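Quick notes on the structure that follows.
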Amino acid sequence: MLLEGEAWQAKFRDFRSEAWRLETLSVYKVPQEEEEIRAYLAGERIDPYAYSNEYTEDLKRVRREGKSKGRVHIVTRPLSTYLGYEFMHYRPNVWAGEDIRIMDVTDRVNPLACVQDFWIFDKKEVVLMHYQADGIQISREVHKGDVTPYLEYQRIALAESVPFEEYVKGLDV
């Protein structure tokens, strides 16, 4: 089943306890971000203390409802320009309640090297995220098989990563 529109939005509105994502790419090409990326490349930065958008407001709703949202992003250094842009937005997301962690595999073997991006909802439903090599999303697909391997990928990602704020200490992001 390919997820789009209302069916995709419902996943984030209706999960009961946890929505969690594994991110594996150094670049995601999202049309809605193009203008912000141009501004970032021109040197503009957001004030993480004052920044608010639909996403941060939804994170606050999730937290108020006693639910959690998190992700682990697998990275290598040097960080791509896109990751610099994304990290700028991670800080207000963390402050709004998202558990963002970074798994840097620059100087070690990536234990999740063959795993693609995915979301897992309530530890029972997996949505596979399909991308072209350049970071353009092709589709989202509900995984029909056993979720156990994805729970293990999540366990590994959490064990092998550090909180975002810890990772960026000393970095110019």
- Task: Given the conditions (1) within 17 Å of the chain's Cα centre (by Cα); (2) over 24 Å from Gln9 (Cβ atoms), report the number of the one that Glu152 does not fulfil.
- Result: (1)
- Task: Filter the stretch 11-30 for residues that are over 20 Å from Gly97 (Cβ atoms) and either open to solvent by less than 40 Å² (accessible area, probe 1.4 Å) or of a type in the set (Ser, Thr, Tyr) (or both) and give the result.
- Result: Thr24, Ser26, Tyr28
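Quick grid of which residues meet (1) over 21 Å from Tyr28 (Cα atoms); (2) in contact (Cβ under 8 Å) with a residue 60 or more places away in the chain:
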residue: Asp117; (1), (2): no, yes
residue: Asp134; (1), (2): no, yes
residue: Arg140; (1), (2): no, yes
residue: His143; (1), (2): yes, no
residue: Tyr150; (1), (2): yes, no
residue: Ser161; (1), (2): no, yes
residue: Glu165; (1), (2): yes, yes
- Query: Considering the stretch 31-81 alone, what residues qualify as being aliphatic (A, V, I, L, M) and closer than 20 Å to Arg101 by Cβ?
  - Reply: Leu59, Val62, Val72, Ile74, Val75, Leu79
- Query: Take the residues of the stretch 7-22 that are hydrophobic (A, V, I, L, M, F, W, C) and outside any strand (DSSP E or B): which is farthest from the chain's Cα centre (by Cα)?
  - Reply: Ala7
- Message: Taking the condition of being open to solvent by 50 Å² or more (accessible area, probe 1.4 Å) and part of a helix (DSSP H, G or I), how many residues in the stretch 35-60 meet it?
- Response: 8
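The values are calculated or read from the model by the stated rules, or taken from the named source; none is laboratory data. These numbers come from a predicted model, not from an experiment. Cβ atoms come from the backbone with ideal geometry, glycine included; neighbour counts cover every protein chain shown. Side chains included, ligands, DNA and RNA excluded: accessible areas come from the protein's heavy atoms. Shrake-Rupley method; radii C 1.70, N 1.55, O 1.52, S 1.80 Å.
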